[in-house]
Each structure stands twice: as C-alpha cells, then as structure tokens.
C-alpha cells in the first residue's frame, strides 16, 4: 500500500462530518477553516525523521532547525497565506547531545524570526529510534484569496517559481561526499537550508490571476499529478522549458548522472507550482518585475489525464513519457 | 538535562516577539490565541512513540487510535475548551501491518466522533524506529472562561475529578501479564482507553468559580508542581483525602506494591486538577449534582513552595514528604 492509498483509506474512515467552519480538510497543502467573515486559518502538520528526512552526519543542527520550520511554512505559502504560529514536538534519543539540541533550537528560532512566525507550543519526548520533529504551523489569509490545488483550467500555463532538482542534487553530492563546497554551494544550500516562498506566494494570491497553486515538495512529477487529480485535468510538461541550470549540469556530470530525473522527481524544491490563464502572462510579468522573482512556464494543463513529459530530442522513439507520481527511483530515461 | 530544563532552554531561545493575538504561549496545557472579540483558539501538540508511550503487543490498535486522540484532547479540556479540529501525523516502519493501521484509523475516527472533533489534515512518514503519532488539536472557547495553570490562590482547595493511579496500575498489570481481565477491567481501561474530561471541564470553566486548572498527565506530584510554579504558590496534599480505590488496592496487593506511588506519580490519569476558593464548595457540589461527576478535594494551596504530601499515619517519623516533580521511579515511601 503506497502512502497516498493509505492516506485515502484513512481519510475514508474519518470522513468529516459536515462542519460549516471547515472550508478544506485533508487533501491540500493545508486545511482551511473559517476564522471570521473575511479571513481563514490555515493548518499543516509535518514530521521529519532521522535517516529518512535528514542525516545529522552532514546536516548542521542550526540549518536542520531552520529547514524543519521552512518546509512546514512552505505549506502555508502553497495556499498564499501568512504564517503566524508554530507548534514543535521534538523526539530525542536517551543519549541526545545537549549542544546539538540547543543549536537546533537556535535554528528554529532564527527561522521563526525570519518568517514572522511565533513558536507557541511544543513538547519533547523520548524517541529511541532517533531524532524526530513534528511541526504544526498555523497561517492566516483572506478567504477570497486562498489558492487550492483544484481550480486549474484546461489551457492554463503551468509555472514554477525557481530552479528544480537542486535539493536532490545537493543531497546526492553530500551522500557521495563529493566536496566542492564553494563550487556547489547553491546546491548544498538547496538541500540543507531551503526557504519557503512566502512573499511571492502572497503576491500571487493577492493578484487574483492564479487558478491553482501548491508547493513542490515531492518533485514536479508527483506534485503536478496531485494538482491534476484535484483539478480533474491532465498536464504536459516540456523538457526544454524546464529551468536551465548550468550548476545542476555540472553536478550531474561529476556524479555521472542525468540532470532530468532531479528536475522532474527530485523533491524538496519548495518552489511554488501554479497555473494561470495564458492571457494573464503580462500581468504575471508585471507582478514579478519589481521583485526580481523568476517564473518559468514549464507546461500546459490539458483535458487529458496524468502528467506527460515531452522530451526535447525529436529523434527519440518514446518522446512522450507519462511521469505522474514517478519518484526519483522509478524515473525512466525513456 | 531533564525535559523541563530542556524545554526552558529551548523556550529561552525562541522567546516570542510581542504578538497581540497571542494570549498564552509555551507553558500551559494549550497555547491560546485570540480568534475574535469574544473567543480564543486553543492549540496543543503531542507525540506518542512506540515502546515509550505504548506497547503494540498489548495495546489493540483501535484503542491506541482512540487514546492518541483522547490524550491530546485532554489538553483542550485542561483549559475548559471545546475540541474542534485535529491534525494527525503517523510514522510507520517500512514493514507496517496494513490492517493494524486501518484499525488504528478506525479508533482515531471513533474518538473524533465521540468528541465532536474533525480530522482536517495529516501525513504519513517512514519511521524505521517504530510507530510514532504526532497530533495537533485545535479547540475553541470564550476568552473570559479560559482556565490557566496560573491563577490559583493561597487557601484554595485542590480538587481532582476522579480516581488516581488507575492507568499506571493497569499498565503494570499488563506488563506483568497478570490477567484478571474482568476483575481489573477498569484499570486496564484506564491505561488502554482513557477519556478526556471535556464535558466536566466546560462546566467548570463556565461556572466562573475555578481559579486554575490543568489535566493530570504526568502524575499528581509533577502536575501539581507545575500548577504551583505557574501560580507562584505551594501545595499540601493529604494522603487520606486521595480517592479511595479498592480495585487499586487489590492490584497493589497482587503485584506486591503500595498503591500510594501510583496515586501520587503514576501518570496518565487524564483527570482534571483544579483549585477553587473553599467558600465555593457548595457551588461546586451543585455543579456536579446533576451529572454525577465525583470531585475529590485532595489538598490546599499554600504560600509555601513545592508540593508536600502529608502521610496518613501519624506515627511515621517523616510524615511530610516533598513530592514536587517526583516521577514514579523516584517516589520514596518515606
């Protein structure tokens, strides 16, 4: 049973009783509940587990604390919201290193300050299997501006808010102890110290031109498939429109790999993925002209099903590849 | 470094920036934030770890799912609030048993229905060290009715809302495989399937006569010490006023133990601990007369420091024992 099947089975068992103040339950980046006549509250919970989500051997505790907060707040950004409060539950082995924990806390504090988010609660528990961190983040925004995964329309342009695959490449460089700390600093940072795109997300939500949005946490192939499912549409993505990234190419060459799997299914990008009408291109450009944010149109929403990648080499036999929900390990070169 | 020292150190690092909508941050059963002019939102997060907080060998998954929800909602009850929403993050080993997880989910669903609480979000993660469950519960109540740990007054009577030590006794019977499933059913249930005292807590909060309240999760000795610290007072507890419990005595006899350590520092009672003026006794009795809830006055708030247990045997040399923060393992017979 895969995670999404399991979640569906759990969801079916706990299907929500009608609750007038619940606008969106399980199935989007955040749950959305009514706060008052104009505003909603956003909720998300996430757990990070040692050796699954992070490796303390190469993840400095300050950066790990920052990352734990950032990846949670990225779920608030995914809806276009403003992070407000954070709860933090920390599981520690019996023989935990006090200094390590305090540095981790410094990182949590730094990230909270950065995002203007207040830590309001938490607990510590014994965790014999290694460090675990569960965070629940609470955000807020205008009801009419909330951007859901559903809402995309056929013909919409699909945008991503930055380079793809850098965190996956950085992690692989770290795992293989490839060095190049200066040369590949941006790739290392993408894995060790990602930032949630709160500011851009808020501007996109306020613009009124975005039809559907989410954040990229599990890789474009998987996340876009979720957006397609929720919008009852399909999508095509063009390889030659994926953000060019010379640094990623250099890392791929060093590791003897292709860069495409990183871009398509690397995960942990924490960029925004959103769709707008092709007629809104100009407005979108104006929106980011002042801030310098770079937006990449990578594909188009279709009336089909699933996510299709169009390879850039016209001579390839299998030029169109279905990639929906493909994880990094399953990615086929085609 | 003990848990409460560690939490204090973490708290110092992330000390909240002034936030006008935050009424209470770290340090009570829930964080309290302003929802609107009349109401607040309550937040609590808790993590349960396999082999630390539960043993799947004798904890049926349905009951474990119920318990995970109940102990979290008990934090909402601790403030006098109404539980509304729940987020649930489930960590599973790679080789998890599907049926076990689905039964766990049934228990979560049943408890949500029981408390009128809606599951609005969650995730599943790989957890090589065993099953973990992190829950964040969101409650709501009238701002003026919130009952904090602070607020107790010297001379207040200290009440508990039910028998003490049953969960600890039940757990010990289970660990020693002592049988007596029928005879000790209430003790087993206290550990396996506790209930949060939401209804009583709401009535107490609405009554206006309670000065301070919390729930009993870590045992009377520890929890009352927290309430004392927050109220800048001390407390005395009288052994002969602790709830009589023939069943607990029978279990103690069977296991060759004293029942007193269970009552004082057993933990997981999930009863309410609260203080009222001694002049409010009659009102308190009227409050529970209709519902049949039993309230036990176990001691008195003092201008001193810490928590002192007065043993019932006047011939004991050391009749007054300081018990603040004493865990079950550290409890001295005196």
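The values are calculated or read from the model by the stated rules, or taken from the named source; none is laboratory data. What you see is a predicted model; the values in this text were computed from it and never measured. So basically every Cβ, Gly included, is an ideal-geometry build from the backbone, and we count neighbours across all protein chains shown.
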- Query: Regarding residue A:41, is this residue surrounded by 21 or more Cβ atoms within 10 Å (Cβ to Cβ) and within 19 Å of residue B:44 (Cβ to Cβ)?
  - Reply: yes
- Query: When only residues in the range A:8-46 that are part of a strand (DSSP E or B) and at the interface with another protein chain (Cβ under 7 Å from one of its Cβ atoms) count, which is farthest from residue B:33 (Cα to Cα)?
  - Reply: A:26
- Message: Can you pull out every residue in the range B:20-42 that is within 24 Å of residue B:219 (Cβ to Cβ) and touching a residue at least 40 places away in the same chain (Cβ under 8 Å)?
- Response: B:24, B:27, B:28, B:29, B:30, B:42
- Query: Among B:220, B:187, B:224, B:248, which is the only one that is surrounded by 22 or more Cβ atoms within 10 Å (Cβ to Cβ), under 20 Å from the mean Cα position of the chain (by Cα), more than 27 Å from residue B:83 (Cα to Cα) and touching a residue at least 60 places away in the same chain (Cβ under 8 Å)?
  - Reply: B:248
- Query: Does residue B:197 count as in contact (Cβ under 8 Å) with a residue 60 or more places away in the chain and over 27 Å from residue A:122 (Cα atoms)?
  - Reply: no
- All positions within the range A:119-137 that are surrounded by 22 or more Cβ atoms within 10 Å (Cβ to Cβ) and either under 17 Å from the mean Cα position of the chain (by Cα) or within 30 Å of residue A:22 (Cα to Cα) (or both): A:119, A:120, A:121, A:122, A:132, A:133, A:134, A:135, A:136, A:137
- With (1) more than 10 Å from every other protein chain (Cβ to nearest Cβ); (2) surrounded by 22 or more Cβ atoms within 10 Å (Cβ to Cβ) as the list, and residue A:57 as the residue in question, which single condition is left unmet? (2)
- Query: Do we find that residue B:259 is surrounded by 15 or more Cβ atoms within 10 Å (Cβ to Cβ) and within 30 Å of residue B:180 (Cα to Cα) in this structure?
  - Reply: yes
- Message: Criterion first (touching a strand residue (DSSP E or B) at 6+ places or on another chain (Cβ under 7 Å) and not assigned by TED's automatic domain parsing to the domain that holds residue A:261) does residue A:234 satisfy it?
- Response: no
- Considering only the range A:95-107, how many residues are under 26 Å from residue B:50 (Cα atoms) and facing chain B (nearest Cβ under 7 Å)? 4
- Checking residue B:49 against (1) touching a strand residue (DSSP E or B) at 6+ places or on another chain (Cβ under 6 Å); (2) more than 7 Å from chain A (Cβ to nearest Cβ); (3) at pLDDT 95 or above, which single condition isn't satisfied? (2)
- Item | Tabulated pairs, the range A:288-308, first not assigned by TED's automatic domain parsing to the domain that holds residue A:211, second not in a loop (DSSP other than H, G, I, E, B), C-beta under 7 angstrom, 6+ apart or interchain | none
- Message: Condition (residue is closer than 22 Å to residue B:89 by Cβ and either without any contact (Cβ under 8 Å) to a residue 24 or more places away in the chain or not in a loop (DSSP other than H, G, I, E, B) (or both)) applied to the range A:147-165: is it met by at least one residue?
- Response: no
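Every residue, every condition in (1) at pLDDT below 95; (2) in contact with a helix residue (DSSP H, G or I) (Cβ under 9 Å, 6 or more places away or on another chain); (3) within 22 Å of residue A:215 (Cα to Cα), yes or no:
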site: A:244; (1), (2), (3): no, no, yes
site: A:263; (1), (2), (3): no, yes, yes
site: A:292; (1), (2), (3): yes, no, yes
site: A:308; (1), (2), (3): no, no, yes
site: A:311; (1), (2), (3): yes, yes, no
site: A:326; (1), (2), (3): yes, yes, yes
- Which residue, of A:202, A:282, is without any contact (Cβ under 8 Å) to a residue 12 or more places away in the chain and in the same structural domain as residue A:303 (by TED's automatic domain parsing)? A:282
- Message: Whether any residue in the range B:27-41 is more than 27 Å from residue A:113 (Cβ to Cβ) and touching a strand residue (DSSP E or B) at 6+ places or on another chain (Cβ under 9 Å) is what I want to check.
- Response: yes
- Item | Qualifying positions in the range B:61-94 - crowded, with 24+ Cβ neighbours inside 10 Å, part of a helix (DSSP H, G or I), within 13 Å of chain A (Cβ to nearest Cβ) and touching a helix residue (DSSP H, G or I) at 6+ places or on another chain (Cβ under 6 Å) | B:65, B:66, B:69
- Message: So the check is Cβ under 9 Å with 6+ separation or different chains; which pairs have a first residue in the range B:110-136 that's on the phi > 0 side of the Ramachandran plot and more than 7 Å from chain A (Cβ to nearest Cβ) and a second one that's assigned to a loop (DSSP other than H, G, I, E, B) and surrounded by fewer than 24 Cβ atoms within 10 Å (Cβ to Cβ)?
- Response: B:116/A:17
- Task: Can you confirm whether the range A:138-160 contains a residue that is crowded, with 16+ Cβ neighbours inside 10 Å, under 15 Å from residue A:69 (Cα atoms) and within 14 Å of another protein chain (Cβ to nearest Cβ)?
- Result: yes
- Query: Of all residues in the range B:47-60 being touching a helix residue (DSSP H, G or I) at 6+ places or on another chain (Cβ under 9 Å) and not in a loop (DSSP other than H, G, I, E, B), which is farthest from residue B:212 (Cα to Cα)?
  - Reply: B:54
- Out of (1) touching a residue at least 60 places away in the same chain (Cβ under 8 Å); (2) not assigned by TED's automatic domain parsing to the domain that holds residue B:80, what's the single condition that is false for residue B:179? (1)
